[in-house]
Each structure stands twice: as C-alpha cells, then as structure tokens.
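The values are calculated or read from the model by the stated rules, or taken from the named source; none is laboratory data. All values derive from a computational prediction rather than experimental measurement. In this analysis, Cβ positions are derived from the backbone assuming ideal geometry, glycine residues included, and neighbour counts consider all displayed protein chains. For the accessible areas, the whole protein counts, side chains as well, though only heavy atoms, and no ligand, DNA or RNA atoms are used. Shrake-Rupley method; radii C 1.70, N 1.55, O 1.52, S 1.80 Å.
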Amino acid sequence: MGHPNRRDLGLLVLRVGTGAVLAAHGTQKLLGWFGGGGIEGTTKAMEAMGFHPGRESAVAAGLGEAGGGALLALGLATPAAGAAAAGAMAGAVAVHAPAGFFAMSGGYEYPAFLGFTAAAIGITGAGRYSLDHATGHVLDRPWVVVTAFLGTAIAAAAVVNRRAQAQASPGPESDPESGPEPESEPA
C-alpha cells in the first residue's frame, strides 16, 4: 500500500498547479488579466473560431476555466470543477485539432493535457488537503461525479458539433454563386 500522506500531498500539488493555470487562462478571457482580451476580445475571438453566440461562448469558456480552475485549486466541488474545466478544454481541442497534435505547430497537445488532468482530478477526488475533505465531501459524492461528467460531456459535444456543422455549411460569404460583395460608394 502507498503512502497516504504523499498521495494527498501529490494531489494538492497537482490540483493547485493545474487549477492555477486554468484560472489564469480563464481570467484572461473574462477580465482581460495577464494580457488577455477580456470578455469583448474573447467574444470576437469565439465568433472568429466559429462559436456562436460569441459572448455566451466566451463567458462559458471563461467560467469553465477560471471557475473550474479556482475550485480545483481549492479542492472544492472537485468533480464539478474537473468536469467544467475538461469541457472547456474540449472546445479548445476542437479549435486546435486541424493543426495536429503537437503544440509547437498550433496543435491540441496543451489543451488536451489540461483537460485530461482536470478530468482525472475530478474523478480521483481532491485528497485530504482540500475543502472537499474539510466539508465532509458534501460536494464530492459519487452521484456528483456521474452527473457532472455526463452533463459536461453532453454540453461539450453539442457545442463542438454545432461549431463543426456551422463550419461545414457554406455561408453567404463563401458561396461562389453570389460573387464578390459590391463595394459601397463613399457618401
């Protein structure tokens, strides 16, 4: 049998590190911290990436990352936190997938790693050094794990599929029959 203190300490380090990275990334989206675009910039970016409506997508991604990350770091509602962060990363993986796997070529390696790590923590639990443990695991029950991950998987699949369908169907700007947009004359 392993060393429970080391295992719990390892979970603490993993939770805090992963949660801090996710929270920082999410606050870029929501608040413009750390050089991020804030809600307005993220809205424009989401729309450009094919996520509609852009503002709601920006808020959802930011909350999944910032909120999920903060809760992971604290070890509070760990299953829901891990599921929320993993769901947000599923959207990021979909954006980066056309560039392949490796991050050096713009691929999905990094968001996939964050998503899998968040999911693993959510499934494993926060360990003894956490708010979940301090509160008697009120928000870390087996039914919460199932509900959080099932709900997030359904939501993430719906968002990613809606984006893929929108990108697959040609819009008026890409319709070769319509020709170029007429230029407006100066007033």
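Tabulated data for the structure shown
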read-out: Counted residues, the stretch 117-167 - those being farther than 29 Å from GLU56 by Cα, among the small types (Gly, Ala, Ser) and either touching a His at 6+ places or on another chain (Cβ under 8 Å) or surrounded by 15 or more Cβ atoms within 10 Å (Cβ to Cβ) (or both); value: 4
read-out: Options ALA24, ALA61, ALA66, ALA45: the member that is open to solvent by less than 60 Å² (accessible area, probe 1.4 Å), closer than 19 Å to ALA157 by Cα, of a type outside the set (Phe, Trp, Tyr) and modelled with pLDDT of 95 or more; value: ALA61
read-out: The stretch 80-115: number of residues that are in a loop (DSSP other than H, G, I, E, B) and out of contact with any helix residue (DSSP H, G or I) (no Cβ under 8 Å at 6 or more places or on another chain); value: 1
read-out: Yes/no for ALA73 being buried (at least 21 other Cβ atoms within 10 Å of the Cβ), over 14 Å from the mean Cα position of the chain (by Cα), of a type in the set (A, V, I, L, M, F, W, C) and on the phi < 0 side of the Ramachandran plot; value: yes
read-out: Of residues in the stretch 126-170 being closer than 23 Å to ARG7 by Cα and in a helix (DSSP H, G or I), the one nearest to the chain's Cα centre (by Cα); value: VAL145
